[in-house]
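Please read the structure below before turning to the comments.
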Amino acid sequence: MALKAYTFIFALTLYLSLIFSCAKDKVTVITPLNCPDTISFTTQVLPLIQSNCTGCHNVGNGTGYILTNHSNISASANAILGSMHANGYQLMPQGGPALPDSLIQKVACWLDQGKKNN
């Protein structure tokens, strides 16, 4: 009888720890990229960064990232994508909510296509 009680307590503790240890942040699911078209930095990536990132990440703001041109954005592309997924970085935009997956996918495709300045 005591073994059954210990087994039950162990199972209950394991179950509760699994349930309550789940993070509330957006879960990153790694899926194959679906990039049917070439992503344009000038018409797709830059406007996305300007409307969602450069409010905080611009010249002289002390955030460590200056995301105002191709050179800076390209150099920080992995960190940008990581923060959009909250994958090893703080979720951005700060305070959330996370950007829609369709916009994150554009940045991922642009990065995968070689971060072209097109």
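Some notes on this structure:
- Full-stretch length increase - residue 37, residue 2 - with 0.36 nm per residue and alpha-carbon distance subtracted: 6.2 nm
- ³J(HN,Hα), Karplus 6.51/-1.76/1.60, whole Hz, each residue of region 75-87, x for Gly, Pro: 5, 9, 4, 5, 5, 4, 5, x, 6, 5, 8, 6, 9
- HN-Hα J in Hz across region 64-70 - Karplus 6.51, -1.76, 1.60, θ = phi - 60°, x for Gly and Pro: x, 10, 10, 10, 10, 8, 4
Bear in mind these aren't lab numbers, they're just calculated from the coordinates by the rules spelled out. The shown structure was predicted, so the numbers you read here are calculated from the model rather than taken from an experiment.
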